[in-house]
Amino acid sequence: MLLADPRKSPTSRLWTRSATQKELAGMTLERLCSVPEISKNKRYVKKHVFQKTPAEKAKVRKEKIAQRSDPPRFRGQTDLERMAVSEPVAWDYMRRIGDLKAYVKANKLSLKGILKFDEACCKFLNNIFEQGIDLHEGTKFWAAVQDAFPDYAHKNCLVRTRRALQGWSKIDPQKTRPPIPWVLIAAMVMKMVARKKMQSAMAVLTMFTAYLRPSECLGLMKEDVVPPMPHQRFHTLHLHPSQRQEVSKVGLSDESLLLDSMMMPWLGSELMALQSPGPFLFNLNYTELVTAWKQSLVDLGLQPHHAVLYQLRHSGPSHDRFHQHRTIVEIKARGRWTSDSSLRRYEAHGRLNQDFFLLPESTQKLALRLEKQFNTQGQKSFCLPQRQNQRA
């Protein structure tokens with residue numbers, strides 16, 4: 001048994017911090033605290049085993065900053081300001097500001113002075129509105145302006161631009177993404193399996209079941225899938241571990257989700273069996289996942305842009321609510337939404353049947369047949385070998 005030598009007790013002075021980390025490397029806190037010698041000293045383990053020193057934290061922070069390839073978005077921007085948004089968002093913001101400057105140059109406008117800057121932004125919004133572009137593009141442009149020109153981010157600045165956005169939202173309100181019916185999701189998964197895209201299929205099922213964002217799903221590591229204790233049934237997902245200095249979109253760490261889907265109780269064990277060469281759970285990037293996603297839509301006779309990956313975060317809660325698998329309170333907690341208004345934007349169970357009957361009749365028949373195949377074959381469809389280093 002671990003720590004059989006009494007001299008290696010967590011309260012022993014002979015049990016140094018470096019020796020502790022070496023002996024307990026690779027064990028999660030939940031697993032550690034199940035050991036009798038440690039269970040009574042959980043606070044000690046957290047402090048002396050998992051907590052990094054300031055030097056270690058500084059090294060990790062410098063490495064994260066060095067990994068970014070995007071330049072400062074305005075003169076004098078500090079590293080912390082630059083890290084406030086992710087790298088893809090940073091590049092998107094710079095592209096939008098480039099579009100604004102190109103429009104200003106083509107129409108002989110000016111960005112010098114707050115009044116002329118406000119006029120240019122207001123006219124730019126009117127221009128993209130007249131082109132039939134959706135409201136979310138206007139709001140993203142506004143976010144890019146506030147990011148690149150923080151001096152103009154105050155609510156009393158750029159009044160005309162703010163009013164233009166308000167008028168846009170009244171004429172053409174922003175629409176929420178509709179949920180995808182489970183029948184269609186199951187059919188897409190079976191099409192991915194037929195093309196040997198097992199990792200993509202498992203990623204789609206994980207996002208649907210756990211209400212995950214695509215970035216959260218692809219950022220999962222093997223150690224984030226926690227096996228159940230002997231008297232338990234379901235695996236757990238550990239999101240944004242604080243020991244890796246990760247935070248969610250709303251700044252939270254150490255979130256846990258139980259993989260207890262009634263349709264896929266085997267999902268956790270199949271995730272444990274995924275074979276990936278690196279530390280990440282899924283051996284694929286966003287582009288590869290999107291390619292498999294679009295191909296499955298085409299295989300079902302739909303346009304490649306019929307649905308996007310992020311709709312899975314809408315589909316999971318809508319499906320669970322429609323079939324009464326979870327209460328509205330449980331759905332809110334599982335989706336990690338802090339307000340009821342956020343929940344209402346994601347949960348739309350009343351639209352599931354409506355959106356299914358809007359599909360072509362041939363797609364409906366094919367999807368129903370593939371869903372039946374998924375329900376009968378289930379876990380056998382993946383046939384994944386067990387991972388050798390699976391935790392006991």
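A few remarks follow.
- Considered as a group, the residues in the stretch 228-238 that are free of Cβ contacts under 8 Å to residues at least 24 places away in the same chain and not polar (S, T, N, Q) include one that is surrounded by the most Cβ atoms within 10 Å (Cβ to Cβ), and that residue is Pro230.
- Residue within the stretch 194-212 that is of a type in the set (D, E, K, R), closer than 19 Å to Ser256 by Cβ and free of Cβ contacts under 8 Å to residues at least 60 places away in the same chain present: no
- Candidates are the residues of the stretch 284-343 that are under 16 Å from Met207 (Cβ atoms) and acidic (Asp, Glu); the one that is surrounded by the most Cβ atoms within 10 Å (Cβ to Cβ) is Asp320.
- Close pairs (8 angstrom Cβ cut-off, 6 or more residues apart or separate chains): in contact (Cβ under 8 Å) with a residue 60 or more places away in the chain and over 20 Å from Arg213 (Cβ atoms) in the stretch 321-340, surrounded by fewer than 18 Cβ atoms within 10 Å (Cβ to Cβ) and not small (Gly, Ala, Ser) anywhere: His325/Met262
- Against the numbered list (1) farther than 12 Å from Leu165 by Cβ; (2) touching a Lys or Arg at 6+ places or on another chain (Cβ under 8 Å), Ile133 comes up short only at (2).
- Complete set of residues in the stretch 127-152 that are open to solvent by 40 Å² or more (accessible area, probe 1.4 Å) and either within 27 Å of the chain's Cα centre (by Cα) or under 24 Å from Phe74 (Cβ atoms) (or both): Asn127, Ile133, Asp134, His136, Glu137, Thr139, Lys140, Gln146, Phe149, Pro150, Asp151, Tyr152
- Selection within the stretch 63-108 - open to solvent by 50 Å² or more (accessible area, probe 1.4 Å) and more than 30 Å from Glu246 (Cα to Cα): Asp99, Lys101, Ala102, Lys105, Ala106, Asn107, Lys108
- Filtering the stretch 308-338 to residues that are hydrophobic (A, V, I, L, M, F, W, C) and in a loop (DSSP other than H, G, I, E, B) leaves Val308, Trp337.
- Cβ-Cβ under 6 Å pairs, at least 6 apart or on other chains, the stretch 275-288 side over 17 Å from Pro88 (Cβ atoms) and at pLDDT below 90, far side open to solvent by 30 Å² or more (accessible area, probe 1.4 Å) and in a loop (DSSP other than H, G, I, E, B): Ser276/Asn283
- Test: Phe208 is in contact with a Leu (Cβ under 7 Å, 6 or more places away or on another chain), in a loop (DSSP other than H, G, I, E, B) and aromatic (Phe, Trp, Tyr): no
- Residue in the stretch 160-177 that is within 30 Å of Met264 (Cα to Cα) and open to solvent by 60 Å² or more (accessible area, probe 1.4 Å) present: yes
- Contacts under 7 angstrom Cβ, first residue in the stretch 256-271 being part of a strand (DSSP E or B), partner open to solvent by less than 10 Å² (accessible area, probe 1.4 Å) and among the aromatic types (Phe, Trp, Tyr), 6 or more apart: none
- Within the set His231, His238, the sole residue that is touching a helix residue (DSSP H, G or I) at 6+ places or on another chain (Cβ under 8 Å), farther than 17 Å from Tyr310 by Cβ and either outside any helix (DSSP H, G or I) or basic (Lys, Arg) (or both) turns out to be His238.
- Matching residues, the stretch 207-227, being open to solvent by less than 10 Å² (accessible area, probe 1.4 Å) and within 14 Å of Leu284 (Cα to Cα): Cys217, Leu220
- Applying the criterion of being among the aromatic types (Phe, Trp, Tyr) and modelled with pLDDT of 70 or more to the residues of the stretch 344-385, the residue that is most open to solvent (accessible area, probe 1.4 Å) is Phe357.
The values are calculated or read from the model by the stated rules, or taken from the named source; none is laboratory data. The structure presented is a predicted model; accordingly, all values stated were derived computationally and were not measured. All Cβ positions, glycine included, derive from the backbone under ideal geometry; neighbour counts span all protein chains shown. Each accessible area value is taken on the protein alone, full model and side chains, heavy atoms only, with ligands, DNA and RNA left out. Shrake-Rupley method; radii C 1.70, N 1.55, O 1.52, S 1.80 Å.
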